[in-house]
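A.B. asks: Mind looking over this structure? Questions follow.
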Amino acid sequence: MSIRVLICDDQALVRGGFRAILDARPEIEVVGEAENGAQAVGLAQRRHPDVILMDIRMPVLDGIEATRKLAADGSPARIIVLTTFDLDEYVHAAIRAGASGFLLKDVTPAKLVEAIGIVAHGDALLAPSVTRRLLERFASTLPVGDRSTDALAELTAREVEVLRLLAGGLSNAEIAAELVVSEATVKTHISSVLRKLGLRDRVQAVIVAYETGLVRLGSAH
């Protein structure tokens with residue numbers, strides 16, 4: 001089964017460049033191109049992509065609103081936000097809207113293909129170091145303690161600990177070393193946390209950890 005990808009960017013040159021890269025990969029099928037968020041939403045509803053490459057700054061409907069609308073509509077598509085600048089000020093808003101991560105537009109072809117594969121299989125596209133920097137950059141906008149700790153009531157003590165370490169920007173391998181368990185066990189715990197909290201991926205789990213006050217900036221790493 002090939003991974004179905006929708007490309008959304010207001011610059012034809014960017015869309016064409018990404019399409020040329022992806023068309024050369026037998027495991028990927030480009031199912032459409034959109035030049036604004038409104039087109040992206042419409043195409044996603046009709047063509048059911050697995051992954052959407054979503055630019056942020058676009059006319060008619062920007063990438064954040066398009067992401068939010070797709071998430072609200074229950075679209076199963078994973079969204080990768082495209083940005084020109086590392087830690088663009090809009091990236092945090094896009095992730096909160098439901099994106100699974102972000103890529104710089106100057107990403108190498110190999111990294112682009114790898115990223116699509118990662119999110120298509122349900123993982124979030126944020127390296128631990130990026131998670132740390134993202135949280136530091138946007139600490140003032142994170143509504144720390146705004147969500148009731150009741151949200152964590154279903155988690156076991158070990159799952160709460162895994163969530164805390166995850167929110168600190170630790171990789172699965174680092175969490176495994178910290179807890180002296182296998183990486184497979186860590187993955188199982190993370191999957192359970194996501195299922196119990198009704199979350200799409202580990203990026204949203206990090207946000208919940210901050211919203212419940214489970215971790216605070218400076219204490220998580």
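Every number here is computed from the coordinates shown, using simple stated rules; none is lab data. Keep in mind it's a predicted model, so treat the numbers as computed, not measured. Because the Cβ atoms are built from the backbone with ideal geometry, glycine has one as well, and the counts that use them run over all protein chains shown.
A.B. asks: Within straight cross-link reach of Lys111, meaning Cα distance under 25 Å, which lysines are found once same-chain residues fewer than 8 apart are removed?
C.D. replies: Partners found: Lys187.
A.B. asks: Something else: Quick one: which residues, 5+ away or cross-chain, put their amide H under 5 Å from the amide H of Thr212? H built at 1.01 Å from N.
C.D. replies: Long-range HN contacts for Thr212: Gly145, Arg147.
A.B. asks: Still on this structure: Around Val60, with a cut-off of 10 angstrom between Cβ atoms, what is the net charge of the other residues, counting Lys and Arg +1 and Asp and Glu -1?
C.D. replies: Details: positive: none; negative: Asp10, Glu35, Asp62, Glu65.
With Lys, Arg at +1 and Asp, Glu at -1, the net is -4.
A.B. asks: As an exercise, identify the chymotrypsin sites (Phe, Trp or Tyr not before Pro) in the range 15-93 lying in DSSP coil whose Cβ has no more than 15 other Cβ atoms within 10 Å. Could the numbers behind the result be given before it?
C.D. replies: Values: sites: Phe18, Phe85, Tyr90; in loops: Phe85, Tyr90.
Taking the range 15-93 and a limit of 15 other Cβ atoms within 10 Å, the loop chymotrypsin sites (Phe, Trp or Tyr not before Pro) found are Phe85.
A.B. asks: ³J(HN,Hα) across the range 160-170 via Karplus (A = 6.51, B = -1.76, C = 1.60, θ = phi - 60°), whole Hz, x for Gly/Pro?
C.D. replies: Running phi through 6.51 cos²θ - 1.76 cosθ + 1.60 with θ = phi - 60° gives 5, 5, 4, 4, 4, 5, 4, 5, x, x, 7 Hz.
A.B. asks: Could I ask something else about it? In the range 12-75, which GluC sites (Glu not before Pro) are in a loop and have at most 16 other Cβ atoms within 10 Å, using DSSP for the loop call? Don't skip to the end; give the middle numbers.
C.D. replies: Values: sites: Glu27, Glu29, Glu33, Glu35, Glu65; in loops: Glu27, Glu35.
Hits after loop and neighbour filter: Glu27.
A.B. asks: So who's got an amide H within less than 5 Å of the one on Ile28, skipping anything under 5 residues away but keeping other chains? H placed 1.01 Å off N, in plane.
C.D. replies: HN-HN under 5 Å from Ile28: Ile3.
A.B. asks: Now, a different point. Going by amide H atoms built from the backbone, whose H comes under 5 Å of the H on Val81, apart from near neighbours?
C.D. replies: Amide H neighbours of Val81: Met54, Ser100, Gly101, Phe102, Leu103.
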